[in-house]
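This report refers to the structure that appears directly beneath it.
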Amino acid sequence: MRTTDFRHHDKKTDTNSDTEQLYWLSLKVIVCTRSPMEEDKMMFSSRDPEYDQVPTNEEPTATQPQTTGRRKWGVLCCAVMATAILLAIGKYREVAHERTPGSLSVETYPVDGNVNLDAPWPRIAWLMSFPNSGTSFTMKLIQRVSNLTAATNYGKECEMHGLATDGTNIPLYKDIPDGPFLLSPNIRSVPERYVMTKTHCGGRCNSCAPHKYILGEDEFLDWCLRGGKLIRTENGDGTDFVNVHYNTSLVHRAIHLIRDPFDNVVSNFHLEQHEKKKKNDSDWLGKYPNNPEGFQRWCAEIDARFTDEEKKSDELSDGILKIFEKVPCHGDFYRFAQWHSLALKVIKKTKLPTLVLHYENYGKDYEKSVEELLGFLELPRNGELPEFIAGKSYKEEFFTEHQRNATMALVRSVSSQNAWELLKRYDSSS
């Protein structure tokens, strides 16, 4: 029986191993025969697979007993067994997609004519995350445990160990200068198969008006491919930073990282605190102390700043505006829900095999989470596992029960059905 090994599959041909075992068993029951090339193209979609009937020219000879009756019964039994197995596959996929707490999941989509089988190796595996979702830790984790470099769309992040001697970025592909860029190639080698590549995509601006963050699927995808790089100035006496964009055909897998929305938004507040401390902005720090009262005051100031534009926006319904009144930092929560909804739409559109990882899984089963990540990225385990210290949960301390319920009502209203299936675990009222 064949099982899935992530280290031996090309783009968009990966399947969940348990589902694939059912699949191969069903093929044995049906007794189909396919060439290796045809076999490699077979994979699961959201629908049950359909199988071609294989004609046979066998006829009973004089030395062969007439077994037509037995064959009819055998074919009938096989058909019944095959049907049962296919129904089991469908049921398995329904259960798998529920994504019980603490679980990781792999989505696969059927191969189509747009697959770039000639894409260069190593290949890009996006780490898709809304900011402050544990992105930095996940990047550090994978680099340390594999002792191989990751990559990023954002060239300024490579300044520590990822720049060439002339101060410019080092792209993943020598002949594709516009990214992504290797994060630490000066101290780590490049993976042979998949390079985890950071992207925050679009619609995730801080303290901004609706016209800057409400966007559609195509625009969101375009932002997933955008970044920036450091180049030499024309006179050669320094560097400039320029915006760049690469082609979606280079991307072959994705990791969809998700964090509790309450912790995500409070983490954004803490990041702002950190920036103000670096600037020694005592006035701001005095006005917005690092406690629930400072957080609520900070949210109220941001919410009031964009009230007029929100009311004028054609993209925000009266129902959403009504919920806004009850949710501190409501713009952040709207962006959070929209971002994850658009991420799932882009994943489906691009048919990327995708691993869904909830940040909280690190605290529930750190070792399993690491093994799933390494297996999906086809990376070796060459280094030490960094310590994971679970952060504090701010849901109860920084939000009232009324605010928590209103917040999840907003998240549910903005989210697509598929996104809500991933986010509803954070609804303590359900």
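Rounded to the nearest 20 debye, what is the charge dipole size of region 293-430 about its Cα centre when +1 sits on each Lys and Arg Cβ and -1 on each Asp and Glu Cβ? Before the final figure, lay out each step's value.
Numbers: 20 positive and 24 negative charges, 99 e Å.
Dipole size: approximately 480 debye.
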Just to verify a number: FRET efficiency for D166 and I187, C-beta to C-beta distance, R0 = 25 Å, to 0.05?
0.85
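I'd like the carbon and sulfur percentage of the solvent accessible area for region 125-183, probe radius 1.4 Å, heavy atoms only, ligands and nucleic acids excluded. Numbers along the way, then the final one.
Values: 1140 of 2150 Å².
Solvent-exposed carbon and sulfur of region 125-183 make up 53 percent of the total.
Give me the number: length gained by fully extending S249 to H211, i.e. 0.36 nm times residue separation minus the C-alpha to C-alpha distance, one decimal in nm.
Details: separation 38, 0.36 × 38 = 13.68 nm, distance 2.91 nm.
Length difference between fully extended and current span is 10.8 nm.
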The ³J(HN,Hα) series, computed from each phi in region 153-162 with the Karplus coefficients 6.51, -1.76 and 1.60 at θ = phi - 60°, rounded to the nearest Hz and given as x for glycine or proline, is 6, 10, x, 5, 6, 9, 5, 6, 9, x
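Hand me the trypsin sites (Lys or Arg not before Pro) from region 144-252 located in a DSSP loop with no more than 16 other Cβ atoms within 10 Å, in residue order please. Each step should come with its number before you reach the end.
Values: sites: R144, K156, K174, R188, R193, K198, R204, K212, R226, K229, R232; in loops: K174, R188, R193, R204.
Here the sparse-neighbourhood loop sites are K174.
The values are calculated or read from the model by the stated rules, or taken from the named source; none is laboratory data. In this text the structure is predicted, and so the values were computed from the model without any measurement. Cβ coordinates were reconstructed from backbone atoms using ideal geometry, including for glycine residues, and neighbour counts include every protein chain displayed. Surface accessibility is based on the protein's heavy atoms, side chains included, excluding ligands, DNA and RNA. Shrake-Rupley method; radii C 1.70, N 1.55, O 1.52, S 1.80 Å.
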